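The values are calculated or read from the model by the stated rules, or taken from the named source; none is laboratory data. Not measured: the values here are computed from a predicted model. Glycine also receives a Cβ, built like all others from the backbone with ideal geometry; neighbour counts cover every protein chain displayed.
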């Protein structure tokens, strides 16, 4: 169904070259990122009170853009394996099915490669949790997992912003190390997210005709065209790059072309998938907002120029590089991810202000204590449910 090798080759070939940097400077950047990651680990754990569970420690990998691409393809391949099996069974084993699968796999491989090439120059860091551990991609002993720091992208952004490079690298590591701490201190979190994603994939309509019709409706909605006999349905949530996104409100009408800020990914989902992604969105908003909150809490004590960095980075996040970049961000749902950061951070801040860090950390007790999509925007409801109700 997907030619994974072609996806890697396409993405690596199309990925833009990184900033010009000498070999010695590159070594220094890699060494500094590793040192900052180790230092950030201690600061994050002291600030949050979270510690790594036994057997769940994970490595920090400093990678280039092709390395990030290979790690994400490995993660996609692992996550999508059940869906691929389902689609192969639906296709059948006759000659027509084999030919269709071979051609479709090439097409899908190229499409995935194009998407990853776009994202590979934008990601500063990522906690990749789903790819199995290998010699080339080491991970946690029990269930994989590794922190990826994309060195050329970090150097590119620090130069673009004109900020102190050493401070910026530490600042990035604080955010990403918080994600690593979340998954290593809360072992059930990975399995919970994987179960939700697999439930989402299980609801995928594998009938090509139906999927294409739904995609056509989505395109009509974005272009303001008319089908005359149907209206696209929107979604309450959408996935970002291994993350999730943000509730987006009521369903649009394709005949009027009103997508209400939704992405193409949004508009081809089924109602059952929208419910699942609403839950995933809430979790990912929590994780991203928690990372931003920790970064802001620790940063002023150890990053001298944190105010300048934060201000310039926020402006960069909001603006986008150019018109094409803004369009692609919307189509891929990346604009919703920015809202996810803001809503999640507001939730964490409100809860900590009310019940303290120890009280906030009850969020990690079990899946039942995670906030719902509604509670992310109304933290008082989470506090009432978790802190003023019997123990979950």
Kindly check whether there is at least one residue in the stretch 318-336 that is closer than 21 Å to residue 161 by Cβ, at pLDDT 85 or above, assigned to a helix (DSSP H, G or I) and assigned by TED's automatic domain parsing to the domain that holds residue 367.
no
When both residues are 6+ apart or on different chains and their Cβ atoms are under 6 Å apart, which pairs have a first residue that lies in the stretch 148-177 and is not assigned by TED's automatic domain parsing to the domain that holds residue 137 and modelled with pLDDT under 95, and a second that is part of a helix (DSSP H, G or I) and crowded, with 20+ Cβ neighbours inside 10 Å?
none
Selection count where residues are surrounded by 19 or more Cβ atoms within 10 Å (Cβ to Cβ) and on the phi > 0 side of the Ramachandran plot, scope the stretch 151-182:
0
Of these, 32, 20, 28, 54, which one is exposed (fewer than 15 other Cβ atoms within 10 Å of the Cβ) and at pLDDT 95 or above?
28
